[in-house]
1. What about Ile324, is it more than 20 Å from Leu79 (Cα to Cα) and among the aliphatic types (A, V, I, L, M)?
2. Please verify whether Ala374 is at pLDDT below 95 and out of contact with any Asp or Glu (no Cβ under 7 Å at 6 or more places or on another chain), treating the condition exactly as stated.
3. Residue under question is Gly36, and the condition is that it be small (Gly, Ala, Ser) and at pLDDT below 95; does it hold?
4. Would you call Arg273 under 14 Å from the mean Cα position of the chain (by Cα) and of a type in the set (Lys, Arg)?
5. Are any residues in region 295-331 part of a helix (DSSP H, G or I), farther than 20 Å from Glu359 by Cβ and not acidic (Asp, Glu), and if so, which ones?
6. I'd like to check which strands (runs of 3 or more DSSP E) are fully inside region 14-97 and have at least 1 residues that are touching a residue at least 60 places away in the same chain (Cβ under 8 Å).
7. Given the criterion among the acidic types (Asp, Glu) and touching a Lys or Arg at 6+ places or on another chain (Cβ under 6 Å), identify the matching residue among Glu367, Glu308, Glu372, Glu301.
8. Output the residues belonging to region 272-301 that are of a type in the set (D, E, K, R), touching a strand residue (DSSP E or B) at 6+ places or on another chain (Cβ under 8 Å) and surrounded by fewer than 16 Cβ atoms within 10 Å (Cβ to Cβ).
Amino acid sequence: MKNANLKLFELTSPNNERDNIKLGLSRIKKVFQELGNPCENIPAIQIIGTNGKGSIAAYLESILFEAQKDFGVTTSPHLFNVCERIRFNKKNISKDDFERIYSLLEKNYSTYELTPFEKIICCALIFFNEQQVELIILEAGLGGRLDATTAHKLRPIIAIGNIGLDHKEFLGDTIEKITKEKLAVIEKNSIIISCNQNRQVENLINKKVEEVGAEIIWKDAVSKNYEVGLKGAFQKQNASVAVGVIEALNNLGFNIKENYIYEGLKKTTWKGRLEIINYSNKKFLTDCAHNYPAAKALSNERSNWKNEEEGIYWILGVQRQKDIAAILKTLLKKNDHLLLVPVPNQPSWQLKDISQIQEIDFQNIIEFEKFEFAIEYLFALKKWPTVHPVLTGSIFLVAAFIKFANKQKN
């Protein structure tokens with residue numbers, strides 16, 4: 001990317017995106033209209049929920065690729081590069097195409113004051129329109145009711161991942177308020193595919209479906225006949241939602257055969273999710289457990305690890321807006337060690353801020369100025385931990401560590 005255009009990529013940086021969140025559909029709907037409503041007649045699968053959205057999208061992407069469909073996918077946030085967020089047939093949009101479309105929006109529609117996320121959704125639909133896709137996968141960014149992905153009108157299928165407490169500052173401070181914000185995307189005749197939810201969320205989904213005249217299909221974990229590419233018991237539920245979506249697409253005439261579903265699930269990858277990263281001949285487990293529900297899933301997964309009772313070294317970085325108390329109480333067990341680090345370039349929790357949390361053994365907590373120093377600390381131990389250290393807490397921390405580890409390889 002030329003230096004003159006670095007500003008364009010700064011505009012889509014996580015910091016800038018978060019600082020400019022303004023939920024609402026009026027701006028993006030007006031721009032869609034000005035653009036001639038790109039992809040207006042192309043059906044979209046909208047994915048909502050608190051956790052698992054990206055994994056469901058990854059499973060669907062893999063299956064559709066096996067079936068040789070022409071499709072577009074937009075997910076968020078990105079791990080390394082904004083171009084990851086707009087994909088056609090599993091291939092990222094090129095930097096040149098992204099720059100061309102983004103610059104067009106900046107030049108012609110700046111008066112509408114679109115947020116960074118809205119601009120990316122506009123870029124995605126313009127690009128998908130150019131590629132003449134037959135199907136779109138839209139991962140909602142925040143909530144649903146006022147999320148930019150909801151501005152695309154033709155969304156016959158809604159996939160729902162696990163719904164829990166997160167983004168309370170935008171969506172409400174209770175599970176009921178958050179769930180209602182997400183379920184507002186459900187319309188008459190929508191086909192809803194959901195994983196198992198807690199009782200309160202399940203009741204709210206059933207109530208909404210009945211109110212508007214939609215259809216709900218509940219999915220449990222996929223059968224043992226399927227092999228899934230993503231690690232973790234919870235991924236079998238995400239895979240099952242994806243299979244339910246494909247079944248719904250087949251009812252709409254897409255004709256995706258069983259062998260494509262089988263191969264697609266098996267070949268699915270999604271970086272930074274229970275992924276082992278090698279650094280200096282040692283293994284680190286990375287996972288983007290950035291909120292309480294994700295931490296709970298990671299803690300449940302831990303129970304399957306050999307020798308986990310001897311303790312885990314957690315390299316943890318958590319953004320300030322997240323509920324770190326819930327995350328710590330969920331992850332930390334007897335004999336564990338916490339290496340607290342900042343999330344690179346993000347406001348993060350520090351040791352002095354969490355010292356009042358009850359039920360936490362602060363004797364086994366060390367704070368570091370950078371995650372690299374925590375890595376050095378581990379290598380200075382007399383004996384490498386029996387169980388691989390786990391680096392988690394934020395997708396931005398995971399991304400920085402993977403880049404760091406890759407540099408060492410090169």
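1. For Ile324, the condition - more than 20 Å from Leu79 (Cα to Cα) and among the aliphatic types (A, V, I, L, M) - is met.
2. no
3. Spelling it out, it is not the case that Gly36 is small (Gly, Ala, Ser) and at pLDDT below 95.
4. yes
5. Ala297
6. 44-48, 71-74
7. Glu308
8. Lys283
The values are calculated or read from the model by the stated rules, or taken from the named source; none is laboratory data. The structure presented is a predicted model; accordingly, all values stated were derived computationally and were not measured. Counting neighbours? That spans all protein chains shown, and the Cβs are built from the backbone with ideal geometry, glycine included.
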